[in-house]
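The values are calculated or read from the model by the stated rules, or taken from the named source; none is laboratory data. As the structure is a prediction and not an experimental result, all values here were calculated from the model. Because the Cβ atoms are built from the backbone with ideal geometry, glycine has one as well, and the counts that use them run over all protein chains shown.
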Amino acid sequence: MNLPFGAKLTGVGGAVPAQVVTNADLEKLVDTSDEWITTRTGIRERRIVTQGETATSLAIEAAKQAISYAGVDPSIIDLIIVATSTPDNLYPSTACMIQASIGASHSAAFDLEAACTGIIYALAVAQQFIGSGTYKTVLIIGVDVHSRFLNWEDRNTCVLFGDGAGALLLQASEEENNILATYLRADGTGGHLLQIPNLGTNYPHAGSTPPKAMHRFLHMNGRAVYGFAINAVPEAVRAACVKAGIAVEDIDFLVPHQANRRIINAAAERLGLRQEQIVCNVDQYGNTSAASIPLALRDGIMRGQIKPPATCVLVGFGGGLTWGSAIIRWTACNHKKEKA
Ligand SMILES: CC(C)(COP(=O)(O)OP(=O)(O)OC[C@H]1O[C@@H](n2cnc3c(N)ncnc32)[C@H](O)[C@@H]1OP(=O)(O)O)[C@@H](O)C(=O)NCCC(=O)NCCS
């Protein structure tokens, strides 16, 4: 892709609620076991919001961390894009509420919805704004609080998700371009496989009764989504490599959507990637949806697994159906900040 200006990733940040919910805690709610959850998904615990915490409050914390990592003044941010499927309100957008709280006084702001692939879509949009020369500094945030939309009596879904936010700061650069390629896909014919169906204009409508509690929850055909994901991930990784003009062997790290360790392992195996190349924190946080990829990237950098310069492939999949990937170069090392 030939855009006039390069985009450099200069800041990473993340935030999760303080409340830890372990598999043992869930054994008290539904007919499940730590053994079942761990072997089928790799998840050991997740973070769940408590009273007063929202998508916006988590996103603000993640945004501040990314801004501080990059060492910039928030007033230079030109645009904030928030990828979320679980906003606090239909409007104002989550992006506008963050804009007001972080001192991004000159920034435009909007939300984008592509479920768990949202951060990849946001990255692609940010790259267009920076690459075209329209904006110099773009903050993208993935945040989801699925715990508010889970049926805590449904063992098929409630064990899988956690709440969180992840943020990336991108800046125009004359010297380097860190986003080598992005690849975005959608297939609405599979929309029914993973949905929170009745919170939009679809329902309630004139003359209807308010939605029953069951209709407000996340519904999923787990087996079908599993089948979709194990094909979508390798396909998206290979497609982004082709667009970037690199081979899969040139990838240093796979930073996948953290839905299920088995999906991640199966995809890595198909791609010929080794275990130590996989960046994974699904055991700690479960599936945090739009937050999962930036949170994993941040954790991989902070714990020293991803050392610059590194070529990383970010790959997401989820509701819509949507899937997509991005090849990025991580070069923004600041050892002092990484140790902090
Ligand atoms: C959900 C998922 C973990 C289930 O694993 P699986 O190996 O496919 O398990 P199955 O669907 O075959 O279910 C096996 C059994 O376990 C049961 N089961 C489901 N959830 C359970 C739980 N939390 N605890 C115990 N048993 C459970 C099922 O009811 C089923 O029982 P049955 O055989 O008596 O009907 C897996 O399909 C998956 O990860 N899918 C993708 C989900 C995903 O990533 N969604 C988000 C995308 S962004």
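Which of the following residues is among the β-branched types (V, I, T), surrounded by 23 or more Cβ atoms within 10 Å (Cβ to Cβ) and in contact with a helix residue (DSSP H, G or I) (Cβ under 6 Å, 6 or more places away or on another chain): I120, I141, I102, I130?
Within the list I120, I141, I102, I130, the selection yields I141.
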For this session: Identify all residues within the range 261-300 that are under 18 Å from E235 (Cα atoms), of a type outside the set (K, R) and assigned to a loop (DSSP other than H, G, I, E, B); write none if there are none.
Result: G272, L273
Problem set entry | Close pairs (8 angstrom Cβ cut-off, 6 or more residues apart or separate chains): farther than 27 Å from A266 by Cα and within 9 Å of the ligand (Cβ to nearest atom) in the range 22-42, at pLDDT below 95 and assigned to a helix (DSSP H, G or I) anywhere | none
For this session: Would you be able to tell me the number of residues in the range 268-290 that are touching a residue at least 24 places away in the same chain (Cβ under 8 Å), more than 12 Å from the ligand (Cβ to nearest atom) and of a type in the set (A, V, I, L, M, F, W, C)?
Result: 5
Exercise. Within the range 80-115, how many residues are within 18 Å of the chain's Cα centre (by Cα) and either of a type outside the set (A, V, I, L, M) or not assigned by TED's automatic domain parsing to the domain that holds Q128 (or both)?
Worked result: 10
For this session: For the range 301-316, indicate whether the set of residues that are assigned by TED's automatic domain parsing to the domain that holds G222, under 26 Å from F217 (Cβ atoms) and either part of a loop (DSSP other than H, G, I, E, B) or within 14 Å of the ligand (Cβ to nearest atom) (or both) is non-empty.
Result: yes
For this session: Filter the range 149-176 down to residues that are part of a loop (DSSP other than H, G, I, E, B) and under 19 Å from the mean Cα position of the chain (by Cα) and give me whichever is modelled with the lowest pLDDT.
Result: L150
Problem set entry | In the range 177-232, residue modelled with the highest pLDDT [restricted to those that are surrounded by 12 or more Cβ atoms within 10 Å (Cβ to Cβ) and basic (K, R)] | R185
